[in-house]
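Colleague: I'd like to ask some things about the structure below.
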Amino acid sequence: MPAVAATLSAPAPAAGGRRRGMKLAEASLRRAASGGGSSWRSERRLMSELERTVTAGAAERVIRSYVGSKSERAALAALSRLLMDSDPLAVPFYEAVTQARWFKWSSIHAAAVAALLESNGSMEESRSFVSSSASRLESSSEVALFYCDLMAAFSSRGLRDRAMDFYAQLRTMPLSGRKAYAAMIKSLCLMGLAGEAEEVLREMVSQGYQPEAFQFGSVAKCYGKAGSLSEMERVIASMSDAGIRLGTGAANIVLSCYSSCRDHSRMLTWLKKMRKLRIAPTTKAFNFVLNSCPTVASMAQELGPSLPLSTAELVKKLKSASPWPAEAELVQELLASSSVLHKAMDWSESEVKLNLHGFSTTAAYVLMLQWVDALKHRSALPLEVSVVCGIGKHSDVRGEPKVRELAQQVLSRMGSPLRLSTRNRGRLVAKRDRVKQWLATGWSSPVAEESTHEPANGSNRQPFLLTLVRMLGQVLSPFLQLSKGEA
C-alpha cells in the first residue's frame, strides 16, 4: 500500500476534473453492476490473464500493461469490476490507475479501495489511506462527500460499525450545499437507516436547500423495504408540501414496496390514483404488479393445459379461481392502460415488433395477451410481425431462455404462425398474410371451451380442430422443407 499513499501525496486535481472523475467512476460502477459496457470483452481477457499468473510480480506486469494500453473508460470499468468482486488485485490495479496520465481522483473509487482493504484485514493501511485521502481534499464539503461514499462502501461490505464511525464524524462537520445533504441521505438509505435519513432531509429543508424527488423517494423506499408502509406513504405525501409533483419514479417506488409485501388492495388503490394523476405505468411497474400476483405467476411458470390465451379469459379465470380477492381486479386495472404495450411495441410500415426485453416471465405472458388483443383490432398490418424475446443472455436462470420458451408455448397454443428466425434465435417472426389469416381464426384455451355448456357438435369443435391441424403443420414444416431440399 505504500505506493498508493505515495501517489496520493501528489497535489489534488482541480475541482472540475474531480467532478468529471466522479461521474466516470459512477458510470463504471453501474456498468460493472449490470455486466454490460463496451469493454466487457477486454475485461474478460484481463481476468483470464490474471488467473493464469502465479506470482505477484507477474500480476502487476499484466495490470500495468492493461492500464497503459487501454482507455480511461476501459481501465475504470476493469477497476470497478475487481472492486465489486472483492478481488485483492483491485488494490495494485488502483495503484496503476493513479499513475496513469489521465487519472483524476474519485471519492467513490477511493472509498471502495479503503473498504476492500479493511474487509481483507488490512485495517491500518485502510485507515492510513482514508486519512491521507481526506487531508488532500480542498474543502469541508469535499471531505463530507468523501465520508458519505465511505459510509456506503463500508456498509455494503458488512462493516456497519465502521460506517457509523464515519457518520458520527460527518455529523460534527458543518455541512454546506445541497449536494452534501443529498449524498448523506443516499448513504443512510443504503444502510437502511430511514429515520436518520428523514432527519437529514428535514435539516436540509430547514437550511434552505430544496430537496429533489429522488431524496424523498430514497427515504420512502427505505421505509418501505423495512415494511413500514404507513411511514413510506407519509413521506410520499409530504412531497406535495415541498412543492414536488409526484412522478413516475416515486410511483414505482410505492408499487415496488407494496409488491414485496404482496398487498394487492393497496396496489390497486395506488394504480387508480396513478390513473387519476395521469401517471402511466412503466415496464418496472408492470413487473412489480404482475410478479406479486401468485396465480398469474403460477400460470406463466407451469404453462398448464388450461392456460388462458386472452386477457378476457385471464381475468375471468382469476375471478373464479384466485384465492387472492383483489388479484383479478388488480390485473384488470393494469390492463386498462396500454402505455407499457405502446412502449414495448415498435410499429412501422415494414414491421410491427413486440420487444419483451426487460420483462419478467409473468409480465411477458400478460403483455403478449394484451399485444394479440391489440393486433386483432388493427385493420391493417405491416409486411412482417415479430416478437423479440432474446436468448436469455441477461437472465439469472441458466438453461433454456424462459421468456423465449414462454413466447413459443403461448403463441403455439394460439395457433400462431410466428416461428424462430433462422438469423436471430431470439426472435419469432411471420409474414403479414399468414398473421392476418391466423387472427381471423378464433381460438381459446381448453378451459374456456369446457366452460361453455353447449353441445359438443362439429361447429363448436371446428376452431379447435383447425388450431390443432395448424399446430401439427407448424411442427412438421421444418422436416418437410428439409426433405424438399434433399430431393
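The values are calculated or read from the model by the stated rules, or taken from the named source; none is laboratory data. Quick caveat: nothing in here was measured; it's all calculated off a predicted structure. Calculation scope for accessible area: heavy atoms of the full protein, side chains included, ligands and nucleic acids excluded. Shrake-Rupley method; radii C 1.70, N 1.55, O 1.52, S 1.80 Å.
Colleague: Among the lysines, which fall within straight-line cross-link reach of LYS376, defined as a Cα-Cα distance under 23 Å, with same-chain neighbours fewer than 8 residues apart omitted?
Modeller: Result set, ordered by chain and number: LYS316, LYS317, LYS343, LYS353, LYS431, LYS436.
Colleague: Shape verdict for segment 226-308, please, from the Cα gyration tensor: rounded (a/c under 1.5), prolate (a/b greater than b/c) or oblate.
Modeller: Values: a/c = 3.12, a/b = 2.06, b/c = 1.52.
Prolate shape, in that a/c is at least 1.5 and a/b is the bigger ratio.
Colleague: Take segment 45-136, drop everything but the C-alpha atoms, weight them equally and run the Debye formula without solvent; then report log10 I(q)/I(0) at 0.11, 0.12, 0.18 Å⁻¹ to two decimals.
Modeller: -0.30, -0.36, -0.81
Colleague: Going by a ≥ b ≥ c, the root eigenvalues of the Cα gyration tensor, does segment 152-300 fall in the rounded group (a/c under 1.5), the prolate group (a/b larger than b/c) or the oblate group? Display every interim value, and only then the final one.
Modeller: Values: a/c = 2.83, a/b = 1.58, b/c = 1.79.
Oblate shape, in that a/c is at least 1.5 and b/c is the bigger or equal ratio.
Colleague: By a straight-distance test (C-alpha under 18 Å), which lysines pair with LYS179 as possible cross-link partners, with residues fewer than eight away in the same chain excluded?
Modeller: LYS23
Colleague: Let me ask you something else. Sorted by accessible area with a 1.4 angstrom probe, largest first, how do ILE185, ILE391, ILE108 fall? All intermediate terms of the calculation are to be shown ahead of the outcome.
Modeller: Values: ILE185 0, ILE391 95, ILE108 25 Å².
Output order, biggest surface exposure first: ILE391, ILE108, ILE185.
Colleague: To make sure I understand the rule: partners must be aspartates and glutamates, Cα under 13 Å from the Cα of LYS70, and not fewer than 8 residues away in the same chain. Which ones qualify?
Modeller: GLU43
Colleague: What is the projected area of the convex hull of the Cα atoms of segment 153-214, averaged over all directions, in nm²? Each step should come with its number before you reach the end.
Modeller: Details: hull surface 16.4 nm².
Result: a mean projected hull area of 4.1 nm².
Colleague: Then there's this: For segment 171-241 and segment 77-106, what is the separation of their Cα centres, given in Å?
Modeller: 31
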